[in-house]
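Enquirer: Here it is: the structure, laid out below.
Please treat every number below as a calculation from the coordinates, not as lab data. Being a predicted model, the structure only gives us computed values, none of them experimental. Heads up, the Cβs are rebuilt from the backbone with ideal geometry, glycines too, and the neighbour counts pull from every protein chain shown.
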């Protein structure tokens, strides 16, 4: 069961899910863990690792597993990152009270009562002071998790780069990124790359079934739309009524009329921000799956494919238009109800 979210929002916590510092198992990615452990066993552990992959794949969960291990947590097995929750290191990290761990993320602005849009350079300067001070706890290793490096602005990127170029002794940097191509090449070149791959669908299905009790058709839809990311699958499974059911109704009525205005109004409300983001993702992925289905007859999307006789190029064009609409919605603050309703109307008319 997910723990109660804190009063102050955390940018690295997904709604309805436990924070990665509270998660102790990692689905898949044994190869990535083995690579890190081999590097540590060699005695030549690199000071900076760039953990990449799509949202929900397990990047932050892996980073916290590595941090617990590096900061002295005791595993029950040799060559394992499985540090139990009752370990003193685990408990201090979970309570955000471990003095040798710093987490760099978008800060909360008490004046606007919102999270800042990026990680300002002041946060990186505070990180520099953290490294310059004497280690707060026993053990002389310190670790820094940057979640996410994608949120650094240009000034804070340059600040991190300076730390990576002249790293403090016995310090481990764990940078998390959804889009590593947007980072400075000099940052990427100073990190060892640890990419996380999609989890096999059957493995993901068994894992999701053990954690949810949703109907099989919605479980399969969540898996299809997750792109092999456990966190994404779990998030979709937690938003059946606001995301998966509306998507199914939309697909079933695409050749006719649907209550698109009601859906657009519901997803435009502030409390449905997570549902809206998940719905846009699901809609874009479904349209892309429709393009492949129209061309090849192979269906990899959720539910049953739409049988409307549109060319593959038409579906692909709609998927691109959905991406453009979503970006414009954020960039120029479009009316959210009108933006989604207009797009769905265009899809039906195409």
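Enquirer: Cα centroid distance between region 187-236 and region 300-315, in Å?
Expert: Rounded to whole Å, the Cα centres lie 23 Å apart.
Enquirer: Which of [x] 65, 52, 46; [y] 81, 54, 33; [z] 67, 43, 37 is the computed Cα extents along the principal axes in Å for the structure on display?
Expert: Recomputing Cα extents along the principal axes in Å here gives the entry labelled [z].
Enquirer: Sticking with this one: Does region 171-257 come out rounded, prolate or oblate by the C-alpha gyration tensor, with a ≥ b ≥ c the root eigenvalues, rounded set by a/c under 1.5 and, if not, prolate when a/b is larger than b/c and oblate if not?
Expert: Judged from the Cα gyration tensor, region 171-257 comes out prolate (a/c at least 1.5, a/b above b/c).
Enquirer: Helix-only mean residue ellipticity at 222 nm, the chain, DSSP H runs n ≥ 4 weighted -39,500 (n - 2.57), per residue, nearest 500. What is it?
Expert: -14500 deg cm²/dmol
Enquirer: For region 8-70 and region 264-291, what is the separation of their Cα centres, given in Å?
Expert: Result: 28 Å between the Cα centres.
Enquirer: For the chain, with a Gaussian network of springs between Cα atoms less than 10 Å apart, report the residue from 203, 89, 146 with the top mean-square fluctuation.
Expert: Maximum fluctuation in the GNM of the chain, among the listed residues, is at 203.
Enquirer: Right, another one. Extension gain residue 129-residue 299, at 0.36 nm per residue separation less the Cα-Cα distance, in nm?
Expert: Net length gain for the segment: 55.9 nm.
Enquirer: Rounded, prolate or oblate for region 20-195? Axes are the square roots of the Cα gyration tensor eigenvalues, ordered a ≥ b ≥ c, and the cut-off for rounded is a/c under 1.5.
Expert: Rounded is the answer for region 20-195, as its axis ratio a/c remains below 1.5.
Enquirer: Report the full-extension gain for the segment residue 193 to residue 46: residue separation times 0.36 nm, less the Cα-Cα distance, to one decimal in nm.
Expert: Length difference between fully extended and current span is 51.8 nm.
Enquirer: Let me ask another. Rank these for me by crowding, 29, 298, 19, going from fewest to most other beta carbons within 10 Å.
Expert: Sorted ascending by nearby Cβ count, the order is 298, 19, 29.
Enquirer: Suppose a student asked you for the relative contact order of region 239-349, using Cα pairs under 8 Å spaced at least 6 residues apart; what percent would you report?
Expert: Relative contact order comes out at 30 percent.
Enquirer: Counting pairs of alpha carbon atoms under 8 Å apart in space and at least six apart in sequence, what relative contact order in percent does the chain give?
Expert: Rounded, it is 17 percent for the chain.
Enquirer: For helix 121-132, report the angle its Cα long axis makes with the longest principal axis of the Cα atoms of the chain; keep it between 0 and 90° and round to the nearest 10°.
Expert: Approximately 30 degrees, to the nearest ten.
Enquirer: Rounded to the nearest 5, what % of DSSP beta bridges with both residues in the chain are antiparallel?
Expert: Within the chain, antiparallel bridges account for around 10 percent of the total.
Enquirer: According to the square roots a ≥ b ≥ c of the eigenvalues of the Cα gyration tensor, what is the shape class of region 84-173, taking rounded for a/c under 1.5, prolate for a/b larger than b/c otherwise, and oblate for the remainder?
Expert: Oblate.
Enquirer: Which residue fluctuates most in the GNM of the chain (Cα springs below 10 Å): 248, 162, 129?
Expert: Comparing 248, 162, 129 in a Gaussian network model of the chain, the most mobile one is 129.
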